[in-house]
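Asker: First the structure, then my questions, so here it is.
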Amino acid sequence: MRCIAIVIALALTACVRAPAPATQVITLPPPKVVERTATPIPPDTPAPTLTSAQTHTASPTDTPTLTATPPFAGTTSASLTPQPPNNLTTQPPSHLTTPLPNHPATQPPNTAHSYSSPIILANYLAWFDSGSWSTGCTSDSPAAGAYNSDDASTIARHVAEARAAGLDGFAVHWGGPGDRTDRNLSQVLGNGFGATATFLNHFFYGVQSRSTVAANLSYLINTYTGNGSWIRYAGKPVIFFADMGRVDTSGGVKAVEAWRSIRDSVDPNHSTLWIAEGLDPSYLSVFDGLYVYKIDHNCCRYAYQNAGKWSGWVREAEKLYGPRYWVATIQPGWNDSLTVNEACNGVRVSSEPFARDRESGAYYQRTVDSAFASNPDMIIVNSFNEWVEGSFIEPSAGFGDLYITRTAQYAGQFHSSR
């Protein structure tokens, strides 16, 4: 993602070469499609030199007290840019600053979703409706038929399928307070299934000011992380982030420094675990971990084989900053070939579309082998239901439940070997 000509040129010479076979919330006026692709084309260059930064002592409290829609929501719209709720301010809607009914933020942590050994999650998109499947943007369709992400029955079915796949939880892609992804995150938690959020709010409705991002992060943490189903690791609530470079850099600050100011405002004691996305280990001076969203590219089909190198960056960072966490990505396939139609891109930063043959599961196995060998603290499946990018394991018309079954096998192996 975020591919520009010079990066592509560098990456083409650097990719792994493997032998050939081998406020008041108002109904959002969303666009037809909002999709995102993260992680730039992977360079095979040495990691940047890490410099020491001030470290923080974690707060002893389990639940921190902090300072400081996506597509397809009913009717379709000609707009390709997601629109925020009306009257969006730097503060979350007042009636949403308290927990939603039946799953309060003050609920004691459920040890069933608190881990000290490696866990396996999956990216989860909660912004589809019945019109999503006729846009011409997806290469396959759900086995259950067209669905709406807001339906309680849909979320319950997805939770059941995720449990059958051996997943510990979903990383729900989250647009912000009052967004339909906010409500659907609450529904996932209400099913008693493990969940965290992948934070997209800094760019999802256009670049937000750093103060707005800080306020909305505070909302997310204070509203949800005390829920018993929120994923915790090493005793702390986990939050994923994506598209790190799309943060507000006004004033000429670098993106990593913009995030540092946000973290110092929201969570100065590192009471939560923040997992950054991408291939720049300098973010580990601010964040607690690293993952790579997109592990394959049209130019660099063996990029996933770099998992061991990426893990090494995290282990090196630990020497400067203390405990850091490596989250390895596994992926059953990829097919965003239909995004040659620009209407399918939404908020995605355009990258060259391509399709990677799933090879009846053999491709998935190779990404798993590379990920497991990198000694990860967590695994994330990309994805449970990313249909535009074609990386889903959700049962489909074309593949049936093959990838739920395969994921269950891998999850069992992963859990038993750690």
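Just so you know, all these numbers are worked out from the coordinates, no wet-lab data involved. Just so it is clear, the structure is predicted and the values come from calculations on it, not from any experiment. Positions of Cβ are generated from backbone atoms using ideal geometry, with glycine treated the same way; all protein chains shown enter the neighbour counts.
Asker: Using the Karplus equation 6.51 cos²θ - 1.76 cosθ + 1.60 (θ = phi - 60°), what ³J(HN,Hα) coupling, rounded to whole Hz, does each residue of the stretch 368-383 give in order, writing x for Gly and Pro?
Answerer: 5, 4, 5, 5, 4, 5, 7, 6, x, 7, 9, 10, 10, 7, 10, 8
Asker: Still on this structure: Looking at the P(r) of the stretch 272-418, how many percent of alpha-carbon pairs lie beyond 17 Å? Intermediate results must be reported in sequence, preceding the final value.
Answerer: On the way: 6700 of 10731 pairs.
Counting every Cα pair in the stretch 272-418, those more than 17 Å apart make up 62 percent.
Asker: So what's the projected area for the stretch 179-330, the Cα convex hull averaged over all directions, in nm²? Numbers along the way, then the final one.
Answerer: Working: hull surface 39.7 nm².
That works out to 9.9 nm².
Asker: Also, quick follow-up: Pairs of alpha-carbon atoms within less than 8 angstrom and 6+ residues apart define the contacts here; what relative contact order does the stretch 237-282 have, in percent?
Answerer: Numbers: 40 pairs, mean separation 27.0, N = 46.
After rounding, I find 59 percent.
Asker: Tell me, what is the FRET efficiency for Glu359 and Gln413 to the nearest 0.05, using R0 = 30 angstrom and their Cβ-Cβ distance as r?
Answerer: Details: r = 19 Å, r/R0 = 0.65.
Calculated value: 0.95.
Asker: For the stretch 175-257, what's the radius of gyration and Dmax over Cα atoms, in angstrom?
Answerer: 13.6, 44
Asker: What FRET efficiency would be calculated for the residue pair Leu338, Ala143, taking the C-beta separation as r and a Förster radius of 30 Å, to the nearest 0.05?
Answerer: Working: r = 19 Å, r/R0 = 0.65.
With a Förster radius of 30 Å, E is 0.95.
Asker: Kindly give Rg over Rh for the stretch 345-418, based on alpha-carbon atoms, with the Kirkwood expression for the hydrodynamic radius. All intermediate terms of the calculation are to be shown ahead of the outcome.
Answerer: Working: Rg = 13.7 Å, Rh = 13.8 Å.
Here the Rg-to-Rh quotient is 0.99.
Asker: Go ahead and collect, in residue order, the members of the stretch 201-230 whose backbone nitrogen is under 16 Å from a label point 7 Å along the Cα-Cβ direction of Val253.
Answerer: Zone members listed by number: 202-203, 207-218.
Asker: Net charge near Lys254, counting Lys/Arg +1 and Asp/Glu -1 over other residues with Cβ under 11 Å of its Cβ?
Answerer: Details: positive: Arg260; negative: Glu257, Asp280.
That sum, taken over residues with Cβ under 11 Å, equals -1.
Asker: OK, next. Quick check: from the Cα gyration tensor, does the stretch 249-305 come out rounded (a/c under 1.5), prolate or oblate?
Answerer: On the way: a/c = 3.74, a/b = 1.79, b/c = 2.08.
Verdict is oblate for the stretch 249-305.
Asker: Sorted from fewest to most neighbouring beta carbons within 10 Å, what does the list Leu200, Leu279 look like? Each step should come with its number before you reach the end.
Answerer: On the way: Leu200 25, Leu279 21.
Fewest-to-most Cβ neighbours within 10 Å comes out as Leu279, Leu200.
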